[in-house]
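Asker: Next up is a structure, given as structure tokens.
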Amino acid sequence: MIYDFKLLSIFLFHKTVAVIVLVSDYSDYFRTLPSLIMYNCKPLVSAENIDLDLFVSTLKVSAGYDFSNYSEKSLRRRVAKVLGDEKLDQPELLIEIQRNKKFAEKIVREITVNTTDLFRDPAIWKSLKNTVLPSISAMPHITIWHAGCSTGQEVYSLLVLLNELNLLSKVRVFGSDINSEVLGVAQRGIYKWRFNTHYLENFRQVYADEGLDLATVDALFYKYFTIDEKSDVIKVNDIILNKAEFVTHDLVTQPCAFYSNSFELILCRNVVIYFNSTLQDNVFKLFADKLDDSSFLLLGLHESILGSSSNLFEKKEIGYIKR
Ligand SMILES: C[S@@+](CC[C@H](N)C(=O)[O-])C[C@H]1O[C@@H](n2cnc3c(N)ncnc32)[C@H](O)[C@@H]1O
């Protein structure tokens with residue numbers, strides 16, 4: 001009854017407002033009415049109306065994260081989504097970020113995109129297996145950095161290939177991300193299965209055309225991963241679990257503070273796509289600084305090195321080598 005009364009008063013209030021806005025923007029008003037009621041009369045903030053500079057500077061001053069050189073379009077979209085999900089308007093969001101460090105961290109987690117897969121883009125993993133990893137296999141020690149590794153599927157994909165090439169004993173693998181929560185998931189190596197059945201399909205493509213029958217390829221997959229249909233999970237097996245070191249690291253604000261001074265391979269896939277060209281350039285310079293000559297940098301399928309750092313690298317097959 002109380003609830004009905006609340007709805008009725010909301011409706012009457014909006015009906016009055018609707019008459020006022022009739023001349024100007026009547027259709028828009030009714031388009032947003034359901035969401036206004038759902039969000040307790042809080043108008044949804046559209047991506048274009050967000051004061052992005054204010055959001056970015058608040059996050060920087062209050063929590064030390066610097067999103068000023070992230071791609072504006074995708075950042076606007078993410079912030080608009082956060083406002084909707086949190087049912088806050090922008091001033092309320094900013095006050096809460098200033099007041100509560102944990103909340104600020106949660107917002108950072110929500111504005112970063114964490115999508116990843118086991119053996120994402122199978123052709124790339126096939127080339128890693130057949131070309132890139134064999135080219136560094138003779139080195140006495142191999143250090144590999146996955147920058148922006150999210151929940152770790154990329155790291156485990158590589159560990160599988162390294163073990164199959166008998167390289168595991170001489171590699172040190174780091175996985176880093178700005179978001180410590182996804183790294184917790186990475187560390188545990190347990191993922192949902194029902195929405196990720198394509199992991200196995202990706203793997204089959206990596207090992208396709210090698211004269212192996214499907215049963216043999218699948219058996220290889222199950223050597224590294226256990227699927228529990230009942231609990232709807234896929235777990236990383238002990239053979240590669242705990243073989244990587246996961247570390248919280250912000251590519252923007254901690255450019256120099258990493259653990260090894262030289263890497264034979266850096267993977268930074270589907271991360272710089274969210275950065276503007278200035279930030280991309282800074283990150284590529286950091287990678288150039290951390291890679292040995294002729295060492296390999298692998299970016300995402302839709303990412304490439306442009307701008308002033310492009311003379312530091314040479315395009316080679318699926319990635320870049322440091323000049
Ligand atoms: C789309 S995921 C890519 C995951 C994986 N590399 C892949 O391609 O499947 C992008 C990751 O970059 C991370 N990221 C965004 N900004 C970052 C920064 N400044 N420093 C480190 N990681 C960052 C996000 O938290 C997210 O987990």
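The values are calculated or read from the model by the stated rules, or taken from the named source; none is laboratory data. As the structure is a prediction and not an experimental result, all values here were calculated from the model. For neighbour counting, all protein chains shown are included, and Cβ atoms are generated from backbone atoms with ideal geometry for every residue, glycine included.
Asker: For segment 88-117, what are the residues that are within 16 Å of the ligand (Cβ to nearest atom) and of a type in the set (Val, Ile, Thr)?
Answerer: Hits for segment 88-117 are ILE107, VAL108, ILE111, THR112, VAL113, THR115, THR116.
Asker: Just for strands (runs of 3 or more DSSP E) wholly inside segment 271-323: which have at least 3 residues that are within 20 Å of ALA138 (Cα to Cα)?
Answerer: Those strands (runs of 3 or more DSSP E) span 291-299, 319-322.
Asker: Still on this model: Going by what's in this entry, would LEU220 be described as away from the ligand (no atom under 16 Å from the Cβ), assigned by TED's automatic domain parsing to the domain that holds VAL247 and in a helix (DSSP H, G or I)?
Answerer: Considered against the rule, which asks whether it is away from the ligand (no atom under 16 Å from the Cβ), assigned by TED's automatic domain parsing to the domain that holds VAL247 and in a helix (DSSP H, G or I), LEU220 comes out as yes.
Asker: Please work out if TYR224 is within 25 Å of ARG77 (Cβ to Cβ) and touching a helix residue (DSSP H, G or I) at 6+ places or on another chain (Cβ under 7 Å).
Answerer: Considered against the rule, which asks whether it is within 25 Å of ARG77 (Cβ to Cβ) and touching a helix residue (DSSP H, G or I) at 6+ places or on another chain (Cβ under 7 Å), TYR224 comes out as no.
Asker: How many residues are at pLDDT below 85, in a helix (DSSP H, G or I) and of a type in the set (A, V, I, L, M) when one looks only at segment 33-50?
Answerer: Residues in segment 33-50 being at pLDDT below 85, in a helix (DSSP H, G or I) and of a type in the set (A, V, I, L, M): 4 in total.
Asker: If you check LYS243 against the conditions, is it over 23 Å from ARG109 (Cβ atoms), surrounded by 12 or more Cβ atoms within 10 Å (Cβ to Cβ) and touching a residue at least 40 places away in the same chain (Cβ under 8 Å)?
Answerer: Judged against the criteria, LYS243 is a match.
Asker: Give just the number: which of (1) modelled with pLDDT under 95; (2) part of a helix (DSSP H, G or I) does ASP53 not satisfy?
Answerer: Failing condition for ASP53: (1).
Asker: Can you tell me which condition ASN270 does not meet? The list is (1) under 23 Å from THR151 (Cα atoms); (2) out of contact with any Lys or Arg (no Cβ under 7 Å at 6 or more places or on another chain); (3) away from the ligand (no atom under 13 Å from the Cβ), and all the others hold.
Answerer: (3)
Asker: I would also like to ask the following. Pairs needed: first member in segment 106-118, under 13 Å from TYR199 (Cα atoms) and touching a residue at least 24 places away in the same chain (Cβ under 8 Å); second member anywhere, in a loop (DSSP other than H, G, I, E, B) and among the polar types (S, T, N, Q); C-beta distance under 8 Å; at least 6 residues apart or different chains.
Answerer: THR116/SER150; THR116/THR151; THR116/ASN270
Asker: Could you tell me whether any residue of segment 192-214 is of a type in the set (D, E, K, R), touching a Lys or Arg at 6+ places or on another chain (Cβ under 8 Å) and either within 21 Å of ILE144 (Cβ to Cβ) or not in a strand (DSSP E or B) (or both)?
Answerer: No.
Asker: Could you list, ordered by first residue, the pairs with Cβ atoms under 9 Å in which the first is in segment 254-279 and over 21 Å from VAL173 (Cα atoms) and at pLDDT 85 or above and the second is assigned to a loop (DSSP other than H, G, I, E, B) and of a type in the set (Lys, Arg), at least 6 apart or interchain?
Answerer: none
Asker: Given (1) within 24 Å of ASN114 (Cα to Cα); (2) free of Cβ contacts under 8 Å to residues at least 24 places away in the same chain, identify the lone condition not met by LYS235.
Answerer: (2)
Asker: Step by step: first the residues of segment 181-197, then only those that are surrounded by fewer than 14 Cβ atoms within 10 Å (Cβ to Cβ) and in contact (Cβ under 8 Å) with a residue 12 or more places away in the chain, then the one that is farthest from LYS102 (Cα to Cα). Which residue is that?
Answerer: Within segment 181-197, the match that is farthest from LYS102 (Cα to Cα) is ARG194.
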